[in-house]
Amino acid sequence: MVSLTTMVLLAVVVTWVVSTSLQRQAERDGEQLAANYVAQGVQSKIDSESVSFWRDPSSIPAPVVDSLDRIVRANNNKVLDGLSLYSSAGEPLWTSRGATTDAPALDPVRMQEAKDTLGPSSKVVETDEGSVLGVTVPVFYGDQLAGIYGFAQVDIPWDSTQAFMTRTVATVAAVITIMVLLAWLLLFRTVHRASSTLRSQSEENKHLALHDALTGLPNRRLLQDRLDRAIATSERSGKRLALMILDVDRFKEVNDTLGHDRGDSLLKEVANRLTEVVRDADTVARLGGDEFAVLAPDVGSPLDAERLAGRVHSAFDEPFLIGDLQLHVESSIGIATLPDHADDGIELMQRADTAMYAAKATHLGMLLYRPGDDGNSAERLQLLGDLRNALGTTQLSINYQPKIDLASGQVIGTEALLRWMHPDRGNIPPNDFIPLAENTGLIQGLTRYVLEMVCAQMAEWDRLGTEFAHLPVAVNLSARNLLETNFDEFLEDILASHLIEPERLELEVTESALIEDPVRSHQMLHKIAGLGVTLAVDDFGTGYTSMSQLEQMPLSTLKIDRSFTQRLADDPAGATLVKAMVDLAHEFGLEVVAEGVEDTEVTLRLRELGCDIGQGYLWSRPVTSDALPAVLFQLSFRGKAPIAATTTGTVPAGATQP
């Protein structure tokens, strides 16, 4: 900002300029007055006869003397202090002061300046009587080109003029000073206000750069900075630190159903609760969307980190009050500690993120990092590259597992399961490569490849006229397939190209796939059903599908997850759950398939509970297409499961069946 000293200096400079201008203007006015005197009293009286006067002072013309006397008497020493005439050499010729010897000496500098400029030249001179403005005026004969014949020295009293200029300059200086001070005060106020505004905006921008605009929590950038500092402190002290990544489950459903305003309100409430349950030294940050992070320095062990995560997870126990609604929301938390799981901040973030996705996939709520869950390890990346290369080769094959009608024991369909025989690593379990394909988008091409192989195999069975050619087959779909805009067109083309009736193909979708993008998923399901392809919901009971969603979807089959089936033998509560699922499915007109059936006792219990179809090791493990005829013949020969023509069955494209 401009300082007060600068403004004062500016006032001084302006005053000096004004004073100098006034002084020079007064001198010019004096010069003009002197020139007028000379013009009236001397110049106008000179003629050709009086030229000799400038060489002989005794011959001064009487008219000139009279004129000069009148001028001196008229001014009465008020405007004119003295008048003298000089030759061109500067010698005194006449003076109003008396004898020529009383005439003041002519200033050679002013005389030369008058010659050079052909005009008056002035200078303020201090005398015993006071200040005098001495003006030297050249006297010409004829025009100026004829030459200078002499000079007239006009002395003008200057004390009163100087006093007037002093008063004027003082007044001007006061006015200028006041104006400058007022301007400075106004400028100070304006600059101060602007500076305050800029500082406020700067602080606000700095805050926004490091904090989330919605919740006010630290953002990813500030979290990274604090994480780096915490790691540096941890390395010096040797103490552990923990990082938790938290995701609000089903938040997209809240946004889609209730709107973004209430979704934002929910995120604010989540932020408040998280801040309340952590320690003072911990940092709660929002990473974006529905994802949060908790940085916990100085934790004793991974177990202590899990305990702290438990407190964070418990923040979701009570419902959230959003407007007039109570929302029950859950979370998935991934935990990683340093140095146990990572060596630096980037790796720690990645490990905590991996653990969070594993917690979400397993519905465990929270999970400490496990190396086996890491899909981004060098080994997993290599596996992903190998899987891409395996597409279209004999490394990938389809195995089939029979599905049995529990009431009649008849084989009513098969389920196709993808198998991968790696050239170096041997058989790769589906649990190792299917999630990898899901997370990278490779699942879309993989599913289409499986559908191609299954439809080609069905067409081959038709060509051979085998007795089980009529059996339907089903293929699991990923959520990504349901979001493809032209997937129904692909399905229609592949069925037509292999001459497969649509009702002989059943597609299974998991509950999680149905809720990832409900609107687009439901639209695609209705398009698929419109082709005549049957649909089933897989792994029922492990997700969050509501009864209203089941009613709205064009399903024909509900598959109970194997985790419920295997509880029937020794858990009465398991039977209650299965019974509820069966009754619910039948209420909606759906057939029920129980997965993972491994013994007769469970089979009988399922039959008592009203389950329609069973599938599992009790009847057969998954087998190749070449081995399937023998398996079906053996089941038929033993009388346990004669082949029957129906329109039910399942075959997931990469399902993790045994």
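The values are calculated or read from the model by the stated rules, or taken from the named source; none is laboratory data. If you're wondering where the values come from, they're calculated on a predicted model, not measured in any experiment. Cβ sites come from the backbone with ideal geometry, for glycine too, and all protein chains shown count toward neighbours. SASA here: full protein model, heavy atoms, side chains in, ligands and nucleic acids out. Shrake-Rupley method; radii C 1.70, N 1.55, O 1.52, S 1.80 Å.
Quick grid of which residues meet (1) assigned to a loop (DSSP other than H, G, I, E, B); (2) open to solvent by 60 Å² or more (accessible area, probe 1.4 Å):
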| site | (1), (2) |
| --- | --- |
| Ala416 | no, no |
| Arg419 | no, no |
| Asn427 | no, yes |
| Asn439 | no, yes |
| Leu451 | no, no |
| Cys455 | no, no |
| Arg463 | no, yes |
| Ala469 | yes, no |
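Is the stretch 279-295 home to any residue that is part of a helix (DSSP H, G or I) and surrounded by fewer than 18 Cβ atoms within 10 Å (Cβ to Cβ)? Even if it seems obvious, please write down each step before you answer.
Within the stretch 279-295, the first condition is being part of a helix (DSSP H, G or I), and the residues that meet it are none.
No, the stretch 279-295 has no match at all.
Restricting the first member to the stretch 304-319 and to residues that are farther than 13 Å from Ser332 by Cα, and the second to residues that are of a type outside the set (A, V, I, L, M), the beta-carbon pairs closer than 7 Å and six or more apart or on different chains are Ala305/Thr337; Pro319/Gln326; Pro319/His328. Within the stretch 315-328, can you find the residues that are in contact with a Phe, Trp or Tyr (Cβ under 7 Å, 6 or more places away or on another chain) and open to solvent by less than 10 Å² (accessible area, probe 1.4 Å)? Of everything in the stretch 315-328, nothing turns out to be in contact with a Phe, Trp or Tyr (Cβ under 7 Å, 6 or more places away or on another chain) and open to solvent by less than 10 Å² (accessible area, probe 1.4 Å). Scanning the stretch 216-230 for residues that are within 20 Å of Asp298 (Cα to Cα), buried (at least 19 other Cβ atoms within 10 Å of the Cβ) and touching a helix residue (DSSP H, G or I) at 6+ places or on another chain (Cβ under 6 Å) returns a single hit, Leu227. Any idea how many residues of the stretch 397-414 are among the aliphatic types (A, V, I, L, M) and either part of a helix (DSSP H, G or I) or open to solvent by less than 10 Å² (accessible area, probe 1.4 Å) (or both)? The number of residues fulfilling the criteria is 4. Taken over the stretch 611-635, the residue count meeting the criterion of being over 23 Å from Trp461 (Cα atoms) and open to solvent by 30 Å² or more (accessible area, probe 1.4 Å) is 3.
Of all residues in the stretch 1-37, those satisfying the criterion of being over 26 Å from Leu181 (Cα atoms) and either open to solvent by 40 Å² or more (accessible area, probe 1.4 Å) or at pLDDT below 80 (or both) are Arg24, Gln25, Arg28, Asp29, Gln32, Leu33, Asn36, Tyr37. Right, Ser497: modelled with pLDDT of 85 or more and either charged (D, E, K, R) or touching a strand residue (DSSP E or B) at 6+ places or on another chain (Cβ under 7 Å) (or both) or not? So Ser497 fails the test. Does the stretch 123-135 contain at least one residue that is of a type in the set (Ser, Thr, Tyr), surrounded by 12 or more Cβ atoms within 10 Å (Cβ to Cβ) and under 30 Å from Thr6 (Cβ atoms)? No - not one qualifying residue is present in the stretch 123-135.
The set of residues in the stretch 196-215 that are part of a loop (DSSP other than H, G, I, E, B) and open to solvent by 40 Å² or more (accessible area, probe 1.4 Å) comprises Ala213, Leu214. Quick check: is even one residue across the stretch 580-594 open to solvent by 20 Å² or more (accessible area, probe 1.4 Å), closer than 20 Å to Thr414 by Cβ and modelled with pLDDT of 90 or more? Yes.
Leu303 fulfils the conditions (1) more than 20 Å from Ile231 (Cα to Cα); (2) of a type in the set (A, V, I, L, M); (3) open to solvent by 10 Å² or more (accessible area, probe 1.4 Å) except for a single criterion, (1). For the condition part of a helix (DSSP H, G or I) and open to solvent by 20 Å² or more (accessible area, probe 1.4 Å), Asp432 qualifies. Comparison of Val154, Val169, Val175 shows that the only residue that is open to solvent by less than 70 Å² (accessible area, probe 1.4 Å) and part of a helix (DSSP H, G or I) is Val169.
Residues in the stretch 419-441 that are aliphatic (A, V, I, L, M) and over 17 Å from Val509 (Cα atoms): Met421, Ile428, Leu436.
The one condition from (1) at pLDDT below 85; (2) open to solvent by 50 Å² or more (accessible area, probe 1.4 Å) that Gln112 does not meet is (1). Scanning the stretch 90-103 for residues that are buried (at least 17 other Cβ atoms within 10 Å of the Cβ) and either at pLDDT 85 or above or not small (Gly, Ala, Ser) (or both) yields Pro92, Leu93, Trp94, Thr95, Arg97. Residue count for the stretch 350-360 under the criterion of being touching a helix residue (DSSP H, G or I) at 6+ places or on another chain (Cβ under 7 Å) and surrounded by fewer than 22 Cβ atoms within 10 Å (Cβ to Cβ): the result is 1.
If only residues of the stretch 178-193 that are surrounded by fewer than 12 Cβ atoms within 10 Å (Cβ to Cβ) and without any contact (Cβ under 8 Å) to a residue 60 or more places away in the chain are counted, the one that is nearest to Arg28 (Cα to Cα) is Ile178.
Figure legend. Inter-residue proximity from the stretch 607-625: first residues aromatic (Phe, Trp, Tyr), second residues open to solvent by 10 Å² or more (accessible area, probe 1.4 Å) and in a loop (DSSP other than H, G, I, E, B), beta-carbon distance below 6 Å, spacing 6+ or different chains. Indicated pairs: Tyr617/Glu598.
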